[in-house]
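As structure tokens, the structure follows; a few thoughts come after it.
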Amino acid sequence: MIIQPKVRGFICTNAHPQGCAANVREQIEYIQSQPAIDNGPKRVLVVGASTGYGLASRITAAFGSGAKTLGVFFEKPPTEKRTASAGYYNSAAFESEAHKAGLYAKSINGDAFSDAIKAKAVEMIKEDLGQVDLVVYSLASPRRTDPKTGELYSSVLKPIGESYTAKNLNTDKLEITDITVDPANEEEIANTVKVMGGEDWELWMQALGEAGVLSDNCKTVAYTYIGEKLTWPIYGHATIGKAKEDLDRAARAITESSPAAANVAVLKALVTQSSSAIPVMPLYISLIYRVMKEEGTHEGCIEQLYRLYTEGLYTDTPRLDGENRLRMDDKELRSETQAKIEKLWPQVTAENLFELTDYKGYQADFLKLFGFGVAGVDYDAETSPQVEAEFS
């Protein structure tokens with residue numbers, strides 16, 4: 001079949017296998033072009049390893065530090081008539097490239113929230129790695145089933161206390177209008193914390209600790225975004241903000257109760273499958289892209305993760321804030337950068353969108369998440385959606 005992008009709202013419903021593989025190779029080549037990571041990890045578990053920051057974490061560990069990696073994710077395989085999800089193709093490509101480089105790389109495809117997948121990961125670590133010295137927790141899901149009760153929880157993206165009205169970009173129609181989001185009730189807040197907070201991270205670390213597969217010098221990190229003035233109402237004083245506070249709580253609890261030192265890492269705003277669904281963010285990210293590219297400070301997922309490893313996790317002088325979070329959003333939050341964005345924000349209209357923002361760059365990065373628009377790929381060629389992968 002000829003595979004062209006099918007975009008509906010903030011998601012793309014298909015993916016291109018060769019494009020995803022080329023995107024993975026680009027990230028690998030970037031890491032290989034950088035100095036090796038001194039004293040970096042050697043045996044790594046990445047929970048949520050197939051896209052975005054999780055995939056970049058795995059690539060950085062493997063090709064920057066020679067690490068053996070075990071990835072966990074929940075991705076859709078291909079059929080004769082339908083493509084796989086992008087994460088499936090990404091992970092198949094990563095394993096192929098890792099094996100070519102002589103690196104151990106195995107993956108588990110299943111519900112990372114479940115006890116069964118945690119048990120399978122423990123078993124594979126015992127058999128193949130003995131222990132792990134880094135656990136990356138990078139899950140992003142709108143829903144979670146509690147493994148103890150079987151109850152399904154759904155998250156919401158809402159402010160707390162009062163309605164929030166802000167400028168929003170409709171990426172389907174390229175219209176800019178005000179959007180009003182009503183405040184969350186107490187049940188919605190609690191459910192969002194249940195899905196997006198630190199409970200599952202704690203359960204993973206508890207399972208790994210009880211099994212004795214965490215090394216004495218093990219580190220663990222979970223990812224978050226905080227933002228500044230423009231995004232605060234939807235990220236800070238909001239349901240997501242409460243979930244992020246729970247991540248901080250979980251980091252302290254994990255450090256106290258397990259062999260691992262736990263940190264939350266605050267990363268910059270980028271186009272991911274998660275961020276594209278959040279009100280305000282497509283327009284904000286389009287502005288961030290324009291300003292930071294002009295300043296020469298723009299970074300993608302892979303650049304952010306290389307800095308996290310070299311300036312955060314594996315250095316004697318990590319960039320920590322007062323909450324013990326590793327801050328990799330420092331370039332985005334520069335006062336000069338934010339001032340430029342705040343000045344542009346009220347000026348943007350549908351008519352000047354491409355002039356005042358880098359929406360073109362936003363759109364290109366969005367499509368690239370699904371393997372489209374990658375240099376060197378013939379998108380007019382007949383392409384089989386079938387890609388072999390040996391996931392457990």
Extension gain (nm, one decimal) between residue 82 and residue 141, 0.36 nm per residue minus Cα-Cα: 19.0 nm
query: Residues with amide H under 5 Å of residue 15's amide H, sequence separation 5 or more or different chain, H placed in the peptide plane at 1.01 Å from N; which?
result: 83
- prompt: How large is ³J(HN,Hα) for each residue in the range 32-39, as worked out from phi by the Karplus curve 6.51 cos²θ - 1.76 cosθ + 1.60 (θ = phi - 60°), to whole Hz, x for Gly and Pro?
  reply: 5, 7, 9, x, 4, 7, 5, 6
- prompt: Normalized C-alpha radius of gyration of the range 97-187, against 2.2 N^0.38 Å?
  reply: 1.69
task: Sort the following peptides by mean Cβ neighbour count (other Cβ atoms within 10 Å, averaged over residues), highest first: 118-124, 100-106.
output: 118-124, 100-106
message: Spelling out what I want: for every residue of the range 259-270, take phi, set θ = phi - 60°, compute 6.51 cos²θ - 1.76 cosθ + 1.60 (Karplus), and round to whole Hz; glycine and proline get x.
response: x, 8, 8, 10, 9, 8, 10, 9, 9, 7, 6, 9
- prompt: Where does the range 146-304 land on Rg(C-alpha)/(2.2 N^0.38 Å)?
  reply: 1.18
- prompt: Can you give the Rg to Rh ratio for the range 151-239, taking only C-alpha atoms and Rh from Kirkwood?
  reply: 1.13
- prompt: How long is the gain from residue 216 to residue 330 if the chain were fully straight, where each residue apart is worth 0.36 nm and the alpha carbon distance is subtracted?
  reply: 38.0 nm
message: What's the whole-number percent of alpha carbon pairs in the range 29-127 lying beyond 22 angstrom?
response: 29
- request: Express in % the proportion of alpha carbon pairs of the range 240-288 at distances exceeding 17 Å.
  value: 51
query: Tell me, what is the percent relative contact order of the chain, built from C-alpha pairs under 8 Å that lie six or more residues apart?
result: 22
message: Please compute the modelled spin-label separation between residue 293 and residue 360, points set 7 Å along Cα→Cβ, answer in nm with one decimal.
response: 0.7
Rel. contact order, % - alpha carbon contacts under 8 angstrom, at least six apart, the range 304-371: 15
query: To the nearest whole percent, what portion of all C-alpha pairs in the range 1-51 is separated by more than 14 angstrom?
result: 72
task: Please report how far the C-alpha centroid of the range 66-98 lies from that of the range 367-392, rounded to the nearest whole angstrom.
output: 11
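Multiplying the sequence separation of residue 165 and residue 351 by 0.36 nm and subtracting their Cα-Cα distance, what value in nm do you get?
Full extension from residue 165 to residue 351 adds 64.8 nm.
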Inter-part distance where the range 135-159 and the range 302-332 are each reduced to a Cα centre, Å: 26
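For the range 218-259, what is the per residue volume of the convex hull drawn over the alpha-carbon atoms, in cubic angstrom?
58
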- request: Please give the direction-averaged projected area of the C-alpha convex hull for the range 320-376, in square nanometres with one decimal.
  value: 6.6
- line: For residue 67, the net charge from surrounding residues (Cβ-Cβ under 10 Å; K, R +1; D, E -1) works out to +3
field: Candidate aspartates and glutamates for bridging to residue 158, where Cα separation is under 13 Å - those fewer than 8 sequence places away on the same chain excluded
entry: 182, 186, 187, 188
query: By the scheme Lys and Arg +1, Asp and Glu -1, what is the net charge of all other residues having a beta-carbon under 11 Å from that of residue 148?
result: -4
- request: Could you work out how far the C-alpha centroid of the range 218-254 sits from that of the range 180-196, in angstrom?
  value: 14
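Can you tell me the convex hull volume per residue for the chain, based on C-alpha atoms, in Å³ to the nearest whole number?
With only Cα atoms used, the chain gives 143 Å³ per residue.
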field: Using distinct alpha-carbon pairs, which all enter the 1/r mean, Kirkwood radius of the range 287-329 in Å
entry: 11.4
query: On the accessible surface of the range 225-324, probed at 1.4 Å, how many percent belong to carbon and sulfur atoms?
result: 49
query: For the pair residue 11 and residue 99, how long in nm is the line joining their label points, each one 7 Å along Cα→Cβ?
result: 3.0
- request: Determine ³J(HN,Hα), in whole Hz, for all residues of the range 350-357 in sequence, where each value follows from phi through the Karplus function 6.51 cos²θ - 1.76 cosθ + 1.60 and θ = phi - 60°; x replaces Gly and Pro.
  value: 4, 6, 10, 3, 6, 7, 8, 10
- request: Output the pairs from 100/219; 6/173; 126/368; 76/173; 42/368 with a Cα-Cα distance over 26 Å in this structure; if there are none, say none.
  value: 100/219; 126/368; 76/173; 42/368
field: Stokes-Einstein D (µm²/s) once Rh is taken as the Kirkwood radius of the range 248-392 over alpha-carbon pairs, at 4 °C in 1.567 mPa s
entry: 72
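The values are calculated or read from the model by the stated rules, or taken from the named source; none is laboratory data. Nothing here was measured: the structure is a model prediction, and the numbers come from that model. No Cβ is skipped: glycine too gets one built from the backbone with ideal geometry, and neighbour counts run over all protein chains shown. Note: accessible area is taken over every heavy atom of the protein model, side chains too, but ligands, DNA and RNA are not part of it. Shrake-Rupley method; radii C 1.70, N 1.55, O 1.52, S 1.80 Å.
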